Amino acid sequence: LEAYAVRSSLEVLAARSAVPDMTDDDLTELSRHFDEMQAAAASHDGHGVAEADARFHARIVEMADNATLARVWRSLEPFARTYITLVAPGADPRWSADLHAPILAALQARDATAVAAADPGSTSPIAAGRS
């Protein structure tokens, strides 16, 4: 759970760094990962949601173009956050996939502040210790 909070903060930092230089192609790629999460969730495929989720966040970290940030982020095990979310009792792949809609919308608006506000780390009952 501690790693979840740190990882979430790193992802917000990555998004803040990446937003100014995001291209339309970058946003198309992130949209594709989001669509993959949605399709997996519709099929009740928690593992598929987890994989697409990891690709979505990894791409944002990559776009930040900060090797130290990427190294620290990777050290927290890319699937840890999603694994906790999807394997915990009562986990809902649709809920996890849907968390990314406001993130994607903020990225498409190129609004780093809105990306931070949409951070699922602040809305997860697990991250808040309410599991």
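A few notes on this one:
- Of the whole protein surface, TRP95 contributes about 90 Å² of accessible area at a 1.4 Å probe radius.
- Per-residue SASA entry for SER75, accessible area with 1.4 Å probe, Å² rounded to 10: 80 Å²
- Computed from the C-beta positions of GLU62 and ASP92, the FRET efficiency with R₀ = 41 Å rounds to 0.90.
- THR23, THR113, reordered so the largest accessible area comes first (probe 1.4 Å): THR113, THR23
- Here the extension length gained between VAL72 and HIS47 equals 6.6 nm, from 0.36 nm per residue of separation less the Cα-Cα distance.
- Difference of contour (0.36 nm per residue) and Cα-Cα distance, SER9 to ASP25: 3.3 nm
- ILE60 contributes about 10 Å² of solvent-accessible surface, heavy atoms of the protein only, 1.4 Å probe.
The values are calculated or read from the model by the stated rules, or taken from the named source; none is laboratory data. Quantities reported herein were computed from a predicted structural model and do not represent experimental measurements. Note that we place each Cβ from the backbone using ideal geometry, even for glycine, and neighbour counts take in every protein chain shown. Calculation scope for accessible area: heavy atoms of the full protein, side chains included, ligands and nucleic acids excluded. Shrake-Rupley method; radii C 1.70, N 1.55, O 1.52, S 1.80 Å.
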